[in-house]
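Beneath this line is the structure, given in structure tokens, with notes to follow.
Here, each number is a calculation from the coordinates, and none is a lab measurement. Please read these numbers as outputs of a predicted model, since none were measured by experiment. Here Cβ is always computed from backbone atoms with ideal geometry, including for glycine, and neighbour counts include all displayed protein chains.
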Amino acid sequence: MHAWRDIPLVKLLLFYILGIYISEKDCFYNINQLTVLVSLLAFVITTHFFILAKVQRKLQFINSIALLICFTLFGSVMSDVSRQTNHAQHFQNQKSDSLILVKVNNAPIEKKKSVSCELRLLSSVGSKNSKPISGTVQAYFAKDSLSDRLSYGDILLLENTINSIDKPRNPYQFDFKSYYAHKNIYHQAYFKSGSWTYTGNSESSRFWEITCSIRRLLQKRFETYFENKAIRGVASAIIIGYKEDLDDNWLDAFSKTGTIHVLAVSGLHVGIIYILLSIILGLNRATGSALKIKSFITLLALFGYCLLTGSSPSVCRASIMFGTVLIAKAINRQSNIYNTLALSAFILLVFDPFTFFHVGFQFSYLAVLGKVYYKDIFRSWVTVKTWLGYKIATSLSVSVAVQITTFPLGLYYFHQYPNFFMFSNLIVIPCITIILYAGIFFLMSSLVSSFFASLFAKIMTIYTGFIATVVNLIRDVPFAFLEGIHITFFQMILFYAFILVLTATLRNRWSAGLFIVPIIVIAFLWEDHRYEQSLNREEVVFF
């Protein structure tokens, strides 16, 4: 309980997330949430002044409960406000005309047979007048000379061939409808050549336009210095988060060996950049005004990298975490890692509550929680005296700690489990560190010296080829991975309940846990039996 009191932001975050989940399930559909929220908030503020004048335990308890309910309602209200279909002008709620005026909302991505991008709807154009509409559409344009020139901010006039995204029709098929709904996208469209045209106008944020331009420039650097497309795909994914050139066979190998996380720009990358900047700026030795200036420069660099790589949840989380630590150090304050994590999550979820449903967000935070809590426990089990032994033991401890908190989520989403994850990560992680450092120097030197750029590109090619060979060899080992594992959402929750109760039982000698653990196991097996029984029915599969 003492530890629980030390992490107030975690408590508030959990109830805020509960509100987001309740909004997703539409549990408050007949309640005026905003009115209840304002009333409860007024009650909390009023009773707080009474408590300051005279501490009353019962009133304090009621005040605390009311505050937690406020955060639950706040999460639900923010979700409802963020959900575009709740707005009267949304495309789904309007009778639209045959022509639609749209804006290209992100940098278009070239695919094999089409050009993909998001379109922000501006207005519905009729024969006599036009009316404003809102919404975002996932669009695909047939490849031609016109679609090749698409860029962020272009205003287009196109035929209204927009359709709702369908639910999956086959068992275990990926749910694109849910995936895009959590990105606030509910419609899609394919536009043939001749069904759309440029208006000649462009509306773009100068800031985002510069970011997109820099990203395109960096992609061209990779195309110039890396002839092998598969190696270029891995290198650009690791350094700048561009994944469109990834080879499908290599992607499968990384996935089945438990090393897929290295291809996503994550906290590991931000941490390495932070260490590099600390060494270059002498951050650890700085004090006073020098510390504040160097911390500010480091913050700008970290968030600049965050924008450059597409602002993924893991990079945003890591950037906010390091930013919080830097600010705390600059003003001579201590920071709690769990509160820091909660603060970073809170910031992300206030700006976009649907980020909570992104797989990357869930994996990122669970991985960090596992690393923070379990790493030192496993590390203490092994005593080593050499530098190499220490590094190996630490790496293995981190791998096991992360797997404990993420494997139920992995089974639920991806239906497979890598058996040799410890061995593959032991080899891949050090190589990724070298590739990332080489990649940073490659990008810097490519602006001034082709010789050094070629040198660093060669280093990246050697190490990228090596780890690709390793993961392909490990994937082909018999029983390297288990696949075809399907668990329900309730079973995933039971998995995490089992981990939490078992941890509390072993670490805190919680006697009640000895009775709760078997109950969780029985509930899991019963859910598995019920799930198997539900499959024994006739069905039609659509192809």
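Database remark: amide H of residue 165 closer than 5 angstrom to the amide H of 187, 188 (H placed geometrically; neighbours at sequence offset of 5 or more, or on other chains; Pro and chain starts carry no H). Sequence-ordered 3J(HN,Hα) estimates for the stretch 189-198 from the Karplus curve with 6.51, -1.76 and 1.60 and θ = phi - 60° stand at 7, 10, 10, 6, 4, x, 8, 8, 8, 6 Hz, glycine and proline given as x. Evaluating kT/(6 pi eta Rh) at 37 °C and 0.692 mPa s, with the Kirkwood radius of the stretch 489-535 over Cα pairs in the Stokes-Einstein relation, gives 294 µm² s⁻¹.
Take each complete run of DSSP H in the chain, measure how far its Cα atoms stretch along the helix's own axis, and keep only those covering 18 Å or more with mean Kyte-Doolittle hydropathy at least 1.6; list them. In the chain, the long hydrophobic H runs are 33-53, 267-281, 337-351, 421-445.
In this structure the amide hydrogen of residue 90, modeled in the peptide plane, comes within under 5 Å of the amide hydrogens of 134, none closer than 5 places in sequence on its chain.
Within straight-line reach of residue 391, meaning a Cα separation under 29 Å, sit the following lysines at least 8 residues removed in sequence or on another chain: 256, 329, 371, 375, 458. Counting only lysines at least 8 places from residue 103 when in the same chain, those with an alpha carbon closer than 26 Å to its own are 95, 111, 112, 113, 128, 131, 143, 177, 183, 192, 220, 243. Taken along its three principal axes, the alpha carbon spread of the stretch 29-185 comes to 75, 45, 29 Å, from the longest extent down to the shortest.
For the stretch 141-152, 3J(HN,Hα) computed residue by residue from phi via the Karplus equation (6.51, -1.76, 1.60; θ = phi - 60°) reads 10, 4, 5, 7, 5, 7, 5, 5, 9, 4, 8, 4 Hz, glycine and proline entered as x.
Using Cα positions and a limit of under 22 Å, work out the lysines in reach of residue 58, with same-chain residues fewer than 8 apart set aside. Filter leaves 11. Equivalent ellipsoid of the stretch 179-315: semi-axes from √(5λ) of the C-alpha gyration tensor, largest first, are 33, 23, 16 Å. Taking all C-alpha pairs of the stretch 2-82, those more than 23 Å from each other amount to 27 percent. Only alpha carbons enter this Debye calculation for the stretch 264-357, each as an equal point scatterer, and the log10 of I(q)/I(0) it gives at q = 0.13, 0.14, 0.23 Å⁻¹ is -0.43, -0.50, -1.21. Over the chain, Cα pairs under 8 Å with separation of 6+ residues give a relative contact order of 12 percent.
The residues neighbouring residue 450, those whose beta-carbon lies less than 13 Å from its own, together hold a net charge of +2 under the Lys/Arg +1, Asp/Glu -1 convention.
Take every Cα pair under 8 Å in the stretch 489-535 that's 6+ residues apart, average their separations, divide by the length, and report that relative contact order as a whole percent. Averaging sequence separation for qualifying contacts and normalising by length gives 42 percent for the stretch 489-535.
Taking mean projected area of the Cα convex hull in nm² as the quantity of interest, determine which of [x] 32.7; [y] 28.6; [z] 33.9 was computed from the displayed structure. Only one option fits the structure, namely [x].
Across the stretch 2-82, the relative contact order, built from alpha-carbon pairs under 8 Å that are at least six residues apart, equals 54 percent.
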